[in-house]
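Asks: For reference, the structure I am asking about is given below.
Values quoted throughout were computed directly from the atomic coordinates according to the rules given, and no laboratory measurement underlies them. Treat the numbers as computed from the prediction; the structure is a model and nothing was measured. Methodologically, a virtual Cβ is constructed for each residue, glycine included, from the backbone with ideal geometry; neighbour enumeration extends over all protein chains shown.
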């Protein structure tokens, strides 16, 4: 659920479903585990604004805790034809740049 804190996404209640999916590269919990051990800077790429969370305070807290995330990219290509990029510095200096994540009004139509 995009309203729950990022740190609790994909906990055990979803394991049975996730294990049945094909071409998946891990869960949010796998990402969190990777962030704990990586030494390289990362760009977190999400599909649309709801792909990470609709609570921009939670996103701010997540980015501030995960110091390896240097950029946050939002794929808006299906809706607007663009990718929106945020730098860690922008987010830390001005958390209101994340206000577009508070967007869960209606689903984005992805096909005709």
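Asks: Which length gain, in nm to one decimal place, applies between residue 67 and residue 96 when the Cα-Cα distance is subtracted from 0.36 nm times their residue separation? Let's see the in-between values first.
Replies: Working: separation 29, 0.36 × 29 = 10.44 nm, distance 1.89 nm.
Full extension of this stretch gives 8.5 nm more.
Asks: State, to one decimal in nm, how far the label point of residue 103 lies from the label point of residue 76, with both points 7 Å from Cα in the Cβ direction.
Replies: 0.6
Asks: Ok, one more. How would you order 51-57, 81-87 from highest to lowest mean count of nearby Cβ atoms within 10 Å?
Replies: Numbers: 51-57: 19.0, 81-87: 12.7.
Descending mean neighbour count gives 51-57, 81-87.
Asks: On a full-extension model of 0.36 nm per residue, what is the gain between residue 34 and residue 85, subtracting their alpha-carbon distance, rounded to one decimal in nm? Walk me through the numbers on the way to the answer.
Replies: Values: separation 51, 0.36 × 51 = 18.36 nm, distance 2.17 nm.
Once the chain is fully extended between residue 34 and residue 85, it gains 16.2 nm.
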